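Let me begin by presenting the structure, written as structure tokens, before commenting on it.
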There are 2 protein chains.
Amino acid sequence: MALKEAPQYRKLYEKLRKLIENGTYARGDLLPSENELCAAHHLTRPTVRKALDMLVNDRFIIRHQGKGSIVQGQPKGIGILSLSGTTSAIGQDKLTTHIIVKPNIRSWEQAFGYEISEQDKSLGCIHIERLRLINDIPVFYDITLIPNLNLTRFTSRSFENKSLFEILRKHYQIQVKGGEQKILAIKADERIQEHFRVKRNHPILRLDRKMETNRAGFSFYSQIYCNTMDYSLIGRF
Amino acid sequence: MALKEAPQYRKLYEKLRKLIENGTYARGDLLPSENELCAAHHLTRPTVRKALDMLVNDRFIIRHQGKGSIVQGQPKGIGILSLSGTTSAIGQDKLTTHIIVKPNIRSWEQAFGYEISEQDKSLGCIHIERLRLINDIPVFYDITLIPNLNLTRFTSRSFENKSLFEILRKHYQIQVKGGEQKILAIKADERIQEHFRVKRNHPILRLDRKMETNRAGFSFYSQIYCNTMDYSLIGRF
DNA sequence: TATTCGCACTTGTAAATACAAGTAAAAAAT
DNA sequence: ATTTTTTACTTGTATTTACAAGTGCGAATA
């Protein structure tokens, strides 16, 4: 089964998104006009517009009739509380990742309080645990459970300093479209105390999340512990 | 200034959305095919597809190539983490409100870490503090700061068991369009211990929010303390 | 000088057309 | 009867064309 090539509008979306993410286009800049993008990439306007529609949807740009497409910058907009993964929520600070439990396949019974389908249950799940540090301070500990269907070579990929969301999007055409989350404040248990190097009774934020994707019936789950002492979570809504 | 008529694709979106919301199309049903919708509404496929794109985006439907558009049903409520105020986030449980500090006008210097404009600063702000109980358990304590411009009779209104968001929308045509929030876990301080009837070191969730409205330049601010022991915050994103 | 007007640009909406690709059921072959 | 192939649908991608409408700037006008 050969991988189908990504459609043109999607390729353009990825290109422009990258240019915004790496700062080539900064907040407030105008993107090239639709006609210029057409000429530059040998596409027609509806195709270009579809790519821009996606960027609007992800809050990378806004458009003004008669004016142009205005870069909004990284959608801090979609901080960890609204949509994106951790990596894009951090911004330019140094984010390092330690894999505590390497991707491995195991069975599951439940997923942090969320119901899972019988099919997912029968196939088992990919299990990852990561500790993430911002500027060398441990801030996130996350456990991720992904249904084990058809993600070839997934367990052998490197996740160090890479965004899980980005891997899913680029290699498997899976985009997180939204989801559900519970959020609560708890005391640090022993394992968390150790990872975060904090005392007992230290208040910790916990998120239990279900991520829903563009692939029908495909959801995955994560539980995130956050030490908000030095870095609080920021999000737009 | 006459109101411009809504575009065709938006009208179709509204129609189909209404049909899903009132149950004419139920979860699992197939929408009429794109060609049938074209014929029925005298539109062409690109226009129909644009309406369906919007429904996909809002998660009312998903589409399957070769199959059709499958109704997903109503996207579930948006909890406190995404957009709405507390009242609509609770659902059917009993929510009671105690006004701890009645609406009063005072000066402000800052608003929970957010920058405020010079104009807002010069006019002072309306200050409210409320304790909210779900099924008689104290769960939220919130402090709200609203710039004091032109909200006639605001301080004399009753806020018992009423939604602040609703008052702003109905009486002042102010709608919250989005905003920014910081979220962190803290230990209960003395005042919170008392209100929530919890011990020292009890983990508490704190949200610092800036609410942006449809009125240009008008934002207001709130700080919310949550006891997530019995009720965790649930939201979609 | 200050204002108005027009032009050249931008994005927004909409149609008509073509072909690719996935799905499911009918039709044909085994 | 079972399997395979065909066929008639569905949505997905992409082009071409046309006009509407908002923006900003420079030239013409008062």
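The values are calculated or read from the model by the stated rules, or taken from the named source; none is laboratory data. Remember, predicted model here, so these are calculated numbers, not experimental data. Glycine also receives a Cβ, built like all others from the backbone with ideal geometry; neighbour counts cover every protein chain displayed. These accessible areas exclude ligands, DNA and RNA; they are computed on the full protein's heavy atoms, side chains included. Shrake-Rupley method; radii C 1.70, N 1.55, O 1.52, S 1.80 Å.
General remarks:
- In region B:29-58, residue farthest from DNA strand C (Cβ to nearest atom) [restricted to those that are within 13 Å of chain A (Cβ to nearest Cβ) and more than 28 Å from the chain's Cα centre (by Cα)]: B:Arg49
- Odd one out for A:Ile126 among (1) surrounded by 14 or more Cβ atoms within 10 Å (Cβ to Cβ); (2) farther than 26 Å from B:Arg27 by Cα; (3) at pLDDT below 85: (3)
- Within region B:135-176, if we keep just the residues that are more than 14 Å from chain A (Cβ to nearest Cβ) and assigned to a strand (DSSP E or B), the residue that is surrounded by the fewest Cβ atoms within 10 Å (Cβ to Cβ) turns out to be B:Ile137.
- Subset tally (residues that are within 17 Å of the chain's Cα centre (by Cα), aliphatic (A, V, I, L, M) and modelled with pLDDT of 75 or more) for region B:158-195: 5
- Test: residue in region A:95-109 that is aliphatic (A, V, I, L, M) and open to solvent by less than 30 Å² (accessible area, probe 1.4 Å): no
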